[in-house]
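The values are calculated or read from the model by the stated rules, or taken from the named source; none is laboratory data. As the structure is a prediction and not an experimental result, all values here were calculated from the model. Methodologically, a virtual Cβ is constructed for each residue, glycine included, from the backbone with ideal geometry; neighbour enumeration extends over all protein chains shown. Just the protein is used for accessible areas: all its heavy atoms, side chains included, with ligands, DNA and RNA removed. Shrake-Rupley method; radii C 1.70, N 1.55, O 1.52, S 1.80 Å.
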Amino acid sequence: MSFCHASSGSASSTSKFRNAATSAGCVQSEFGDRNLQAILLQQQHRQQHGSTQQTNNGTSSVRYCMNLVEKNDHENYLCTLLLDNAHRRHAFALRAFNVEVAKCSANVSEDHIAKMRLKFWFDSIEKCYAKEKTYVADQPVLRELKNAIDSFQLNKVYLKRLVNARDRAPNEPFVTIKDLETYAEQTYSSLLYLLVQLTGVKDMNVDHAASHLGKAQGIVTLLRSVPYTKRSQALNIPQEVLIKNGVSQERVLRSKANDKGVEDCIFEVATAAHQHLEMARNLSDKVPKEVRKLFLPAVAIERYLERLRLANFNLTHQSCLQRDSMLPFSLYMRNLRGKF
């Protein structure tokens, strides 16, 4: 069977040198001069300490975001490491925000808990755009996100889509492949749109490539989550595909080898992802070189789909579950060639 063609922290305190100098200037005695010197030295120390603390806060929040992405989104972590210095920090901020939002529904027993978590991140978006000081400065991901927003005037619509799209009940199924594509567009494509904004490139072809690549990545991510689906959760395979092939959710979860009905279901969904990947790559010549680095996740998508094909579309095959040890090398070589 083959695929179809298809931060900064808060600012330092305002200097009081002028007031200190004015007060001390009225005192002509040696004692007064010494007092003035002591005041100036103390103020200088405070400023240096504040500057150091600000730098430390910025460095720690950057490291926090990188560690968060490395732990929860390893493939995109590798892709982000290959970005230019000017974009890497802000890309990690966006990916860390995406990780935090995606984790809202993880390991929760009641829907309202997930909704409360999502509301926190949704409300925090507005806080990041606000001028007044808020709790944003105390949360490392939000601190880095605000830094990216202030630096590149990121579109808040895409940030809000990342949150709103994940406001789904765990037992709410996707009815059609179109539903899968819509979800992927709102999540993964929105994230790519934000990453493109870091480069300052505004081009319709770039947006089309980002849309297709995001759909491919979103569909593949949903497929990869199927082996970890609990029986109380909806399967990330559209109901229309299951019905057409006469397959139940329980049959997919049992994951028996050489089950042709299940293989056909996985093949159909994987083909949709492959088609979007091909459409994105067909636009590669029209994508500026500085943007192609942002589309390196296409390499991981391609490699996973190929492993899935070789495993005869068995999602629980060992090659589809384990980490791709050759991905770093593949990413490096594709990046070296200016391809995605």
Check: What length, rounded to one decimal in nm, is gained on full extension from ILE243 through to THR59, with 0.36 nm per residue of separation minus their alpha-carbon distance?
Finding: 61.1 nm
Check: Percent of alpha carbon pairs in the stretch 99-161 separated by more than 14 Å?
Finding: 59 percent
Next item on the list: Arrange the peptides 156-167, 247-258, 209-220 so that the one whose residues have, on average, the most other Cβ atoms within 10 Å appears first.
Entry: 209-220, 156-167, 247-258
Check: Want the number for ILE113 to PHE152: 0.36 nm per residue separation, take away the alpha-carbon distance, what's left?
Finding: 10.8 nm
Next item on the list: At a Cα cut-off below 22 Å, give the lysines reachable from LYS103, other chains included and same-chain residues fewer than 8 away excluded.
Entry: LYS71, LYS115, LYS119, LYS127, LYS146, LYS156, LYS160, LYS215, LYS230
Item checked: Relative contact order %, the stretch 216-317, counting alpha carbon pairs below 8 Å whose residues are six or more apart -> 39 percent
Next item on the list: Loop only per DSSP, at most 12 neighbouring Cβ atoms within 10 Å: give me the GluC sites (Glu not before Pro) in the stretch 56-127, ordered by residue number.
Entry: GLU110
Next item on the list: Over the Cα atoms of the stretch 215-340, compute the convex hull volume and normalise it per residue, giving Å³.
Entry: 104 Å³
Item checked: Sulfur and carbon atoms: percent of accessible area, the stretch 58-110 [1.4 Å] -> 46 percent
Note to self: Quick check on the stretch 256-312: what are the equivalent-ellipsoid semi-axes from the Cα gyration tensor, as sqrt(5λ), descending, whole Å?
What the structure shows: 29, 11, 6
Checklist line | Whole-number D in µm² s⁻¹ for the stretch 212-277, Kirkwood Cα-pair radius fed into Stokes-Einstein, 37 °C, 0.692 mPa s | finding: 270 µm²/s
Margin query: What whole-number distance in Å separates the alpha-carbon centres of the stretch 302-340 and the stretch 190-255?
Written below: 17 Å
Check: If all Cα-Cα distances of the stretch 75-116 are sorted into 10 Å bins from 0 onward, what percent lands in each bin, rounded to whole numbers?
Finding: 26, 37, 22, 13, 1
Check: With every protein chain left in place, what is the accessible area per residue of the stretch 59-181 in square angstrom, probe 1.4 Å?
Finding: 49 Å²
Check: R0 = 30 Å: FRET efficiency of HIS208 with ASN171, Cβ-based, nearest 0.05?
Finding: 0.30
